[in-house]
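Coordinate-derived values only; no laboratory data. Keep in mind it's a predicted model, so treat the numbers as computed, not measured. Backbone-built Cβ (ideal geometry, glycine too); neighbour counts: all protein chains shown.
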Amino acid sequence: MKKTTLLIADDHPLFRKGLRALFSAQPDMEVLGEAADGRQAMELATTLKPNVIVMDIGMPRLNGLDATRQILRESPGTRILIFSGHSSDDYVQQLISAGAAGYLNKQTAGDHLITAVREVHAGNVYYSPTISKRLSDHYRETSLRQGRVSVLRG
């Protein structure tokens, strides 16, 4: 079985250690490295070429948003999953526009994070339930304002 390779990017060492333990316990996952800031995440993404990067937004030297943009410019096949305590609509929209494949808040349970990594590695997108609801509500409201909602009939 080919493993999903990961890079963890978060500025809190204890948090990175916990994520490493969570992912390393999965038989289909391998952590290639850890980055303490956005610049280090960019450097390690280039050298290690992980399938998935689990990245925080608020990091020193280069934030997660700018790191996401730059990493995807250099390695468009890399999948980036944002895992952050910040989940404002503005952050979510900017990171979706930057190309992030998913967004979870740090209150998410470990099994959801594992599922999210597997989903984004498979080419899908994954958002925590609260973010999914907000995205759905925003899309519906925008569609209603623009008169683009239609009823599907079976």
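Below, the figures for the structure above:
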| quantity | calculated |
| --- | --- |
| Virtual spin-label span in nm between ALA21 and ASN124, 7 Å along Cα→Cβ | 2.9 |
| Where the Cα pairs of the stretch 37-92 fall when distances are cut into 5 Å bins, in % | 4, 22, 34, 24, 12, 4, 0 |
| Residue of ALA21, ALA67, ALA98 that the Gaussian network model of the chain assigns the largest fluctuation, springs spanning Cα pairs under 10 Å | ALA21 |
| Projected-area mean, the stretch 17-66, by convex hull of Cα positions, square nanometres | 3.5 |
| Whether the chain is rounded, prolate or oblate, judged on the alpha carbon gyration tensor where a/c under 1.5 counts as rounded | prolate |
| Table column - 3J(HN,Hα) (Hz), the stretch 116-131, Karplus curve with 6.51, -1.76, 1.60, x for Gly and Pro | 4, 4, 5, 5, 5, 5, 6, x, 8, 10, 8, 10, 4, x, 5, 6 |
| Contact order relative to length of the chain, as percent, for alpha carbon pairs under 8 angstrom and 6 or more apart | 18 |
| Three-way shape call for the stretch 59-130 based on the alpha-carbon gyration tensor, with the a/c threshold at 1.5 | oblate |
